[in-house]
Amino acid sequence: MEAKDIEYFKHLLIQKRKEMQNHMDAITESERETTIKDASGDHSAFSFHMADQGTDTMEREKNFFYAQRDGKILAHIERALDRIERGEYGKCRACGEQIAFARLEAVPHATLCIQCKSNQEKTPDMLQDQGETV
Ligand SMILES: [Zn+2]
């Protein structure tokens, strides 16, 4: 991969990391607001709020799910940036071939080429040593 392409993907990854961090901050923020609201002790019209509470819980669970997912993607992005530093970026970790530009553009933290990715989806064990039974 050419240096200018590496530079391009590095930029993409850093931007994506910022997006993820902002998103996670936003979640933490709304989480904090919910907690403050809960702790404010304002339980007048409690029964009236019961309906809202369900939504809050769902909202919180959803946020938790997103935060978890974002955290995972963040870790992938960190590792991709690591690979850039080591000069290993854009190589498929299964077959060692160059991952297609368009694929990296769509998923800059991808570690498998499209071929290996679809193989992996068919046989999830493929990348484990004992998995080559097919
Ligand atoms: Zn591959």
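A short reminder: the numbers here are calculations on the coordinates, not readings from a lab. Note that the structure is a prediction, hence the values are computed from the model and not measured. Neighbour counts run over all protein chains shown; Cβ positions are idealised from the backbone, glycine included.
Let me know the volume per residue of the alpha-carbon convex hull for the range 56-113, in Å³. Could you put the intermediate results ahead of the total?
Values: hull volume 4.7 nm³, N = 58.
Spread over its residues, the Cα hull of the range 56-113 gives 81 Å³ apiece.
Using 7 Å Cα-to-Cβ label points, what is the E7/E78 separation (nm, one decimal)?
2.8
Stretched out fully, how many nm does the piece from S118 to F101 gain, at 0.36 nm a residue minus the Cα gap? Provide the component values of the computation, followed by the final result.
Details: separation 17, 0.36 × 17 = 6.12 nm, distance 1.68 nm.
4.4 nm is the gain from fully extending S118 to F101.
Test of understanding: what is the full-extension gain from D25 to M58, defined as 0.36 nm times their sequence separation minus their Cα-Cα distance? Don't skip to the answer; put the middle values down first.
On the way: separation 33, 0.36 × 33 = 11.88 nm, distance 1.88 nm.
Full extension of this stretch gives 10.0 nm more.
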